[in-house]
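Following: one structure in structure tokens, then a few remarks.
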């Protein structure tokens, strides 16, 4: 069970990590469109919005001072510094959703994943691999969001990120998007049949089954 006092584990916290450009966000968005009772946690960040990004939808864009205030008050479940910018996951948002029986996806890097595992022992973690480094770089360039220096840095960080794949419960190769999405969906839906979850969801049925008087042979 997770270690948060007062939180009933009626849902699953799902960590999803991948190097930038591996298709993580597209897969998560598609999964959310395919499944009910699934929420993607919106992270706080100190970086500036990219073209088309909306505050409160893509990220909560905050100043460094605001970020530090939340962190100092233990408001983040996890936080990390990436590319000289800070990212963090609000603790209250995650706990509220889990207590209501809604699965929560965290799109975080390996550093954040380690922090979350220390607090939620029953979370599951999924790592998404690109088919190759060449394809990963191609995807980054096709996004047309970064200059050559930033792309080179992202490629170096990708190697570091991938080196932590053994820390994850599941490993998915994102070669064909639809096939990868199906694998992703199967993992999440299977967690909903875990005994610890069904025990809570089927309490009345289990009580009736276990407390039913035994038949008497005549």
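Since every read-out is calculated from the coordinates, none of them should be taken as a lab result. Note that the structure is a prediction, hence the values are computed from the model and not measured. For neighbour counting, all protein chains shown are included, and Cβ atoms are generated from backbone atoms with ideal geometry for every residue, glycine included.
What are the radius of gyration and Dmax of the chain, computed over its Cα atoms and given in Å?
19.9, 84
Test of understanding: ordering 83, 61 by Cβ neighbours within 10 Å, fewest first, what list do you get?
Arranged by neighbour count, lowest to highest, 83, 61 become 83, 61.
Measure out, as a whole number of angstrom, how far apart the alpha-carbon centroids of the stretch 61-76 and the stretch 176-194 sit.
One Cα centre to the other: 34 Å.
Can you put 106, 173 in order, fewest other beta carbons within 10 Å first?
So the residues, fewest neighbours to most, are 173, 106.
Over the chain, what is the relative contact order in percent, taking alpha-carbon pairs closer than 8 angstrom and at least six residues apart?
30
Tell me, 62, 28 in order of fewest to most beta-carbon neighbours within 10 Å?
Going from sparsest to densest Cβ surroundings: 62, 28.
Once you keep just the Cα pairs under 8 angstrom separated by 6 or more residues, what percentage relative contact order results for the stretch 109-218? The partial results should precede the final answer.
On the way: 51 pairs, mean separation 32.6, N = 110.
Relative CO of the stretch 109-218 lands at 30 percent.
What is the packing order of peptides 153-162, 17-26, taking the mean over residues of other C-beta atoms within 10 Å and listing the highest first?
Peptide ranking by packing, descending: 17-26, 153-162.
Work out how far the C-alpha atoms of the stretch 34-104 reach from end to end along every principal axis, then list the three figures in whole Å, largest first.
Each principal axis gives a Cα extent; for the stretch 34-104 these are 34, 31, 17 Å.
With both bridge residues required to lie in the chain, what share of the DSSP beta bridges run antiparallel, to the nearest 5%?
35
Measure nothing but the geometry: give the 0 to 90° angle between the long axis through the Cα atoms of 177-191 and the longest principal axis through the Cα atoms of the chain, rounded to 10°.
Approximately 40 degrees, to the nearest ten.
How big is the Rg/Rh ratio for the stretch 66-116, C-alpha atoms only, Rh by Kirkwood, two decimals? Walk me through the intermediate numbers first.
Numbers: Rg = 11.4 Å, Rh = 11.6 Å.
Computed over Cα atoms, the ratio is 0.99.
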